[in-house]
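Q: I have a structure I would like to understand better, so I am pasting it below and will then ask my questions one at a time.
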């Protein structure tokens, strides 16, 4: 066994001498996702590994196109982003020595589950966003973490003005509200945020939670740590919308520009662990990460911009806030950036985790 002997089971962050190790998961548009030990002291992965196609990885979960993962303790749910009836969501159990497959479920009815691109869980329910299928699928979870058969499938709407990208329904993200009472999801083609009520292991009563400006193309949704503010990034507009959230209601309070070149490829958003900065990734032109400072009322002010490698589809911030890892699909690398806690700005370390078409990073 090549990995350090101090690694036992799933780790959030564990001390091994002076080294602080974090279990890093990287999803790909390839034949599996990988686990690494990331050293938060150096900003690098532990170099030993058993997979020549992913240097430094100590475990691999084999499956096609695992483009997004939901990590819930030792349970990991991964979507297989396929544009046919093979599209599925997988349930895995992770331990210090690797992955155990629990089960697999299709991500929708025939012709309504293609290209699942996002998965989230509240521990008892699992939500899957199907982009090409244009649907939101909801599943119950068994006590052992396995996925029960599809419980609910909601078909999204259209109505946006971009007839090349909004002519058919698309769902790109689904998140459970911090109060546990609702499930919100991005209706990309309708320029809306949809809402379902959550009661036990059921969802019901679809309603429109919020309308966004025309041609917004909502992609990812993100609550801050307080649960009082929701941020929505628009893939088409390149904007970030800021909402107040209370008692199931959303109130739009600000829209700010992240994409300054109108590339129409905005992707991911994250907030630093201290809550002081929000980051947004932009693709297709001028690829990089926009940095915003976050005021006490949740509003944003742009603070900077860092160029990255091509197609930063996804990124994440280490729990200690020191590092930002960017999955650059088209350079076959996860890029590592140091983060200035005072200014929020990023600095390229030059270090790269090399593997084929990385599109997700998580801890």
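The values are calculated or read from the model by the stated rules, or taken from the named source; none is laboratory data. Because the structure is predicted, anything quoted here is derived from the model rather than measured. Backbone-built Cβ (ideal geometry, glycine too); neighbour counts: all protein chains shown.
Q: Across the range 95-120, which residue is surrounded by the most Cβ atoms within 10 Å (Cβ to Cβ) among those that are part of a strand (DSSP E or B) and within 19 Å of the chain's Cα centre (by Cα)?
A: Step one: list which residues in the range 95-120 are part of a strand (DSSP E or B), which gives 95, 98-106, 116-120.
Narrowing the set further to residues that are within 19 Å of the chain's Cα centre (by Cα) leaves 116-120.
Working: 116: 29, 117: 24, 118: 27, 119: 25, 120: 20.
Filtering the range 95-120 for residues that are part of a strand (DSSP E or B) and within 19 Å of the chain's Cα centre (by Cα), the one surrounded by the most Cβ atoms within 10 Å (Cβ to Cβ) comes out as 116.
Q: Within the range 185-235, track down each residue that is over 21 Å from residue 155 (Cβ atoms) and either in contact with a helix residue (DSSP H, G or I) (Cβ under 9 Å, 6 or more places away or on another chain) or surrounded by 17 or more Cβ atoms within 10 Å (Cβ to Cβ) (or both).
A: Hits for the range 185-235 are 222, 223, 224, 229, 230, 231, 233, 234.
Q: Further question on the same structure: Right, residue 71: in a strand (DSSP E or B) and farther than 15 Å from residue 137 by Cα or not? Don't jump to the end; show me each part of the working.
A: Numbers: in a strand (DSSP E or B): yes; farther than 15 Å from residue 137 by Cα: yes.
Judged against the criteria, residue 71 is a match.
Q: Let me ask something else about it. Using the structure shown, decide if residue 317 is surrounded by 16 or more Cβ atoms within 10 Å (Cβ to Cβ) and closer than 12 Å to residue 344 by Cβ.
A: Numbers: surrounded by 16 or more Cβ atoms within 10 Å (Cβ to Cβ): yes; closer than 12 Å to residue 344 by Cβ: yes.
When the stated conditions are applied, residue 317 passes them.
Q: Only residues that are assigned to a loop (DSSP other than H, G, I, E, B) and surrounded by fewer than 16 Cβ atoms within 10 Å (Cβ to Cβ): list them for the range 346-363, please. Steps first, please.
A: First pass over the range 346-363, keeping only residues assigned to a loop (DSSP other than H, G, I, E, B): 355-357, 363.
Once the filter is applied, which keeps residues that are assigned to a loop (DSSP other than H, G, I, E, B) and surrounded by fewer than 16 Cβ atoms within 10 Å (Cβ to Cβ), the range 346-363 yields only 356.
Q: Do the conditions hold for residue 238, that is, is it modelled with pLDDT of 95 or more and surrounded by 16 or more Cβ atoms within 10 Å (Cβ to Cβ)? Steps first, answer last, please.
A: On the way: modelled with pLDDT of 95 or more: yes; surrounded by 16 or more Cβ atoms within 10 Å (Cβ to Cβ): yes.
Yes; evaluated as a whole, the condition is true for this residue.
Q: Say we look at the range 10-54 and pick out the residues that are exposed (fewer than 15 other Cβ atoms within 10 Å of the Cβ) and under 15 Å from residue 351 (Cα atoms); which of these is modelled with the lowest pLDDT?
A: Checking each candidate, the answer is 47.
Q: What residue, of 145, 123, is buried (at least 20 other Cβ atoms within 10 Å of the Cβ), at pLDDT 95 or above, at positive phi and out of contact with any helix residue (DSSP H, G or I) (no Cβ under 9 Å at 6 or more places or on another chain)?
A: Working: 123 fails: buried (at least 20 other Cβ atoms within 10 Å of the Cβ).
Only one candidate qualifies: 145.
Q: Related question: Name the residues in the range 312-326 that are out of contact with any helix residue (DSSP H, G or I) (no Cβ under 7 Å at 6 or more places or on another chain) and part of a strand (DSSP E or B), would you? Lay out the reasoning, then the answer.
A: Initial filter on the range 312-326 (out of contact with any helix residue (DSSP H, G or I) (no Cβ under 7 Å at 6 or more places or on another chain)): 312, 314-326.
Of everything in the range 312-326, those that are out of contact with any helix residue (DSSP H, G or I) (no Cβ under 7 Å at 6 or more places or on another chain) and part of a strand (DSSP E or B) turn out to be 312, 314, 315, 316, 317, 323, 324, 325, 326.
Q: Separate question: Kindly evaluate residue 163 against the criterion of being surrounded by 15 or more Cβ atoms within 10 Å (Cβ to Cβ) and either free of Cβ contacts under 8 Å to residues at least 60 places away in the same chain or out of contact with any helix residue (DSSP H, G or I) (no Cβ under 9 Å at 6 or more places or on another chain) (or both). Can you show your working first?
A: On the way: surrounded by 15 or more Cβ atoms within 10 Å (Cβ to Cβ): no; either free of Cβ contacts under 8 Å to residues at least 60 places away in the same chain or out of contact with any helix residue (DSSP H, G or I) (no Cβ under 9 Å at 6 or more places or on another chain) (or both): yes.
No.
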